[in-house]
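The values are calculated or read from the model by the stated rules, or taken from the named source; none is laboratory data. All values derive from a computational prediction rather than experimental measurement. Cβ: placed from backbone, ideal geometry, glycine included. Neighbour counts: every protein chain shown. Areas reflect the complete protein model, heavy atoms only, side chains present, ligands, DNA and RNA absent. Shrake-Rupley method; radii C 1.70, N 1.55, O 1.52, S 1.80 Å.
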Amino acid sequence: MADVFPATAPPLGPPDRQSAMRTAARLAESALAVEGVATGDREFRDWYAGRVRDDVAEVRRIALDRLSGWRAEPGTGNLVHDSGRFFSVEGLAAEDVDGGSPGWEQPVIRQPEIGILGLVAKEFGGVLHFLMQAKNEPGNHNGVQLSPTVQATRSNYSRVHRGASVPYVEFFQQAGRHHVLADSLQSEQGSWFVGKRNRNIVVEVGREVEVEAGESFRWLTLGQIHRLLAEDDVINMDARSVLACLPFGGAGEGAPASTAVLRSCVEETGALHPTGEILSWLAGLRAGSGLAVRRVPLDEVRGWKRTEECVAHEDGRFFRVIGVDVRAAGREVRQWTQPLIEPVAQGVVAFLVAEIGGVVHALVNARTQAGLIDKVELAPTVQCVPSNYPRAPYPPQLRFLDEVLEAPVERVRFDSRLSEEGGRFHHAVNRYLIVDWHGDHRIEDDTFRWVALHQLAGLLRHGHYLNIEARSLVACLHSLAGGTRATGTGEEVPAR
C-alpha cells in the first residue's frame, strides 16, 4: 500500500491554512528524522537500558482487605481512598431500555477528575523533538516504558499524596504562554472506566526557553518515537494517545522531496464519505442508543464474586480486581498500595485499511461502551479479548476478527504488542495490528464505516470521537509514513 500518512482535514473551524501547513511540514520533517539531534540512537539505547536497569519497582499482589489507605465503603463494599480522591472501584449496571440486547453488570473504575497527558516540544537543529519520560508503572509487566512529558491525575499534580511535585507540569497549566500544537479532552477505556477523561495536550516552547531534560527524560524526534512504536511495550498508552492528536498532514509547497508522499493538510479530498456525513452517522447512533447506565454497590454486582483476594467473574472471563503493594524509588511517592484491574488474557486491536479512490481509509466500528460519556465512539475494526467469546457465532462487532487473525503476512502492515495504562491496569496487553483489506470495500453496515485517515486526524482535534484504542492505532499509522511494515521486533520491512 502506498501513502498512509494522514492529512489533517478538521471537521469544524479549520485553522489558518498557512499556519497549518507550516506545522504539518515541521511534523513531517520530525517524522522523517530517524536520528535525533538532541539524542542520538546509541545514546538513547544506553540511557533507556540504564533506566530499565535502575528504575525497578517491586510490585507484590496482596489481598484487597490489606490495602493501606483504602477501605471498603460501608453499605456498598466500594473500594475508596481515605482521602476521597484518586479513584474508586464500584459497580455498574447497563441495560438496553429498548430491549434490543441483554444487559450486564460489572466492576468499574470511577475517576471523575481530569488528568494531564502532555508533551513538551522544542526545536533542536531546526527539527522538532519531544520530551519523553521513562516511567515505571506498577501494572507494566516489563517495568519501564516511554510516557509523555507529564502523565498525571489532578490528585497527583495537586500533591494530594504529599509526594514530590510533578516535573514540567507548569508548561501545561500555563499553556497559553506557549505554542499549542494540540489540546483536547479524550476518553479512556470505556469498558473499565466510567466517565474518565484526560487533557491530551502538546505545547511547543521557543528556542529561547531553557528546558533541561531530567534524569528520566530525553528529547526524541517523531522519527525516533515511530521506530520505537514498532517494538513491543516501549511506547506506553498515554504517549500513543497524545501522539495521535498531533496535527499531521502534508508538507505543503517548499517541503523536501522526501516528503512528497504526504498530502495537503487542509483540503479534504477523496474521502468515501464527507466528514459531515460521518458526524451525522455517529450523532444518530448516539441519539438512538437505548443504553442506560446506573451505579450499583460493588458487593451487589451480579455475576461477580468477591473474596479476600480479588473480585472476579463467576466463570473466570473478562478481568479481575486485585490489590498490589508497590515500592518504587523513582516515583513521587516511594511506597503505596492500590487496586488494579487485571484482564484474564491478551486482546486484539486492529484496523483494516484500504485504498479507495487512491485515498487510504480505515474501517471504523461505532462501538457502544457503557463507561463513555457519549456512549458511542469510533473504535478499531476489531477490539476484543478473543477468549471471552465462543468460537461461533461471534457478535456483530467481531465480524472481522478472523479476517485480521488469519491475514497472510504480506497484508500485515503493523504488528506489535503494546500495553495499556499501567497505573490502573495490571499486565493489560493487546496485540495491535494494521491489516490491508484487498476485497470489495462495500462491506459497511449500520455500525461500520470507511473513514479516510485525514478525516480521523481532523476528528482528533476534538474530544470524544475516537476511543483510546483507535487513537493508539492512529499513532501506529503515523509511524508508517515511509511505506514500511512494522513488526514487534522493531524491524521495518518495505511494503509490497
Checklist entry - Taking the stated definitions as given, is A345 out of contact with any strand residue (DSSP E or B) (no Cβ under 7 Å at 6 or more places or on another chain) and either farther than 30 Å from L272 by Cα or polar (S, T, N, Q) (or both)? => result yes
Checklist outcome for this item: Residues in region 185-197 that are part of a strand (DSSP E or B) and open to solvent by 10 Å² or more (accessible area, probe 1.4 Å) total 3
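When you scan region 207-229, do you find a residue that is part of a loop (DSSP other than H, G, I, E, B), open to solvent by less than 10 Å² (accessible area, probe 1.4 Å) and at pLDDT 95 or above, even just one? Show your work before the answer.
Filtering region 207-229 down to residues part of a loop (DSSP other than H, G, I, E, B) leaves 207-216.
With open to solvent by less than 10 Å² (accessible area, probe 1.4 Å) added as a condition, the list becomes none.
For region 207-229, residues part of a loop (DSSP other than H, G, I, E, B), open to solvent by less than 10 Å² (accessible area, probe 1.4 Å) and at pLDDT 95 or above: absent.
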Checklist entry - Taking R66, is it touching a strand residue (DSSP E or B) at 6+ places or on another chain (Cβ under 9 Å), without any contact (Cβ under 8 Å) to a residue 12 or more places away in the chain and over 30 Å from E215 (Cβ atoms)? => result no
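Being more than 18 Å from I225 (Cβ to Cβ), modelled with pLDDT of 90 or more, part of a loop (DSSP other than H, G, I, E, B) and of a type in the set (G, A, S): is that true of G458 here? Write out each step before concluding.
Numbers: more than 18 Å from I225 (Cβ to Cβ): yes; modelled with pLDDT of 90 or more: yes; part of a loop (DSSP other than H, G, I, E, B): no; of a type in the set (G, A, S): yes.
Criteria not met by G458.
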Checklist entry - Given (1) open to solvent by 50 Å² or more (accessible area, probe 1.4 Å); (2) of a type outside the set (S, T, N, Q); (3) within 25 Å of the chain's Cα centre (by Cα); (4) under 27 Å from A25 (Cα atoms), where does F130 come up short, assuming only one miss? => result (1)
Next on the checklist: Please determine whether any residue of region 317-327 is open to solvent by 70 Å² or more (accessible area, probe 1.4 Å), at pLDDT 95 or above and of a type in the set (D, E).
Outcome noted: no
Checklist outcome for this item: Pairing a residue in region 278-289 that is within 13 Å of R449 (Cβ to Cβ) with any residue that is among the hydrophobic types (A, V, I, L, M, F, W, C) and exposed (fewer than 12 other Cβ atoms within 10 Å of the Cβ), where Cβ atoms lie under 9 Å and the two sit 6 or more apart in sequence or on different chains, gives L279/L12
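Okay, residues lined up against (1) modelled with pLDDT of 95 or more; (2) surrounded by 16 or more Cβ atoms within 10 Å (Cβ to Cβ); (3) part of a helix (DSSP H, G or I):
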| position | (1), (2), (3) |
| --- | --- |
| L272 | yes, yes, no |
| S280 | yes, no, yes |
| L285 | yes, yes, yes |
| R295 | yes, no, no |
| D299 | yes, yes, yes |
| E308 | no, no, no |
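If you go through region 25-63 one residue at a time, how many are hydroxyl-bearing (S, T, Y) and within 16 Å of V234 (Cα to Cα)?
Step one: filter region 25-63 for residues hydroxyl-bearing (S, T, Y), giving 30, 39, 48.
When the remaining residues are screened for being within 16 Å of V234 (Cα to Cα), the result is 48.
Counting residues in region 25-63 that are hydroxyl-bearing (S, T, Y) and within 16 Å of V234 (Cα to Cα) gives 1.
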Checklist entry - From the set of residues in region 350-378 that are hydrophobic (A, V, I, L, M, F, W, C) and over 19 Å from H441 (Cβ atoms), which is surrounded by the fewest Cβ atoms within 10 Å (Cβ to Cβ)? => result I373
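Residue-wise test of (1) open to solvent by less than 60 Å² (accessible area, probe 1.4 Å); (2) of a type in the set (A, V, I, L, M, F, W, C).
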residue	(1), (2)
R399	no, no
V409	no, yes
V412	yes, yes
H427	no, no
R431	no, no
G439	yes, no
Q455	yes, no
Item to check | Filter pass, R317 being in a loop (DSSP other than H, G, I, E, B) and within 24 Å of the chain's Cα centre (by Cα) | outcome: yes
Checklist entry - Taking region 83-127, which residues are open to solvent by 40 Å² or more (accessible area, probe 1.4 Å) and at positive phi? => result G84, G99, G125, G126
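Out of curiosity, is P256 more than 19 Å from I116 (Cα to Cα), surrounded by fewer than 22 Cβ atoms within 10 Å (Cβ to Cβ) and at pLDDT 95 or above?
Numbers: more than 19 Å from I116 (Cα to Cα): yes; surrounded by fewer than 22 Cβ atoms within 10 Å (Cβ to Cβ): yes; at pLDDT 95 or above: no.
For P256, the condition - more than 19 Å from I116 (Cα to Cα), surrounded by fewer than 22 Cβ atoms within 10 Å (Cβ to Cβ) and at pLDDT 95 or above - is not met.
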Checklist entry - Only one of (1) open to solvent by less than 20 Å² (accessible area, probe 1.4 Å); (2) closer than 27 Å to H226 by Cβ; (3) out of contact with any Pro (no Cβ under 9 Å at 6 or more places or on another chain) is not met by N142, so which one is it? => result (1)
Next on the checklist: Based on this model, can you work out whether A366 counts as modelled with pLDDT of 95 or more, in a loop (DSSP other than H, G, I, E, B) and over 30 Å from S83 (Cβ atoms)?
Outcome noted: no
Item to check | Within region 28-56, tally of residues that are open to solvent by 70 Å² or more (accessible area, probe 1.4 Å), out of contact with any strand residue (DSSP E or B) (no Cβ under 7 Å at 6 or more places or on another chain) and part of a loop (DSSP other than H, G, I, E, B) | outcome: 2
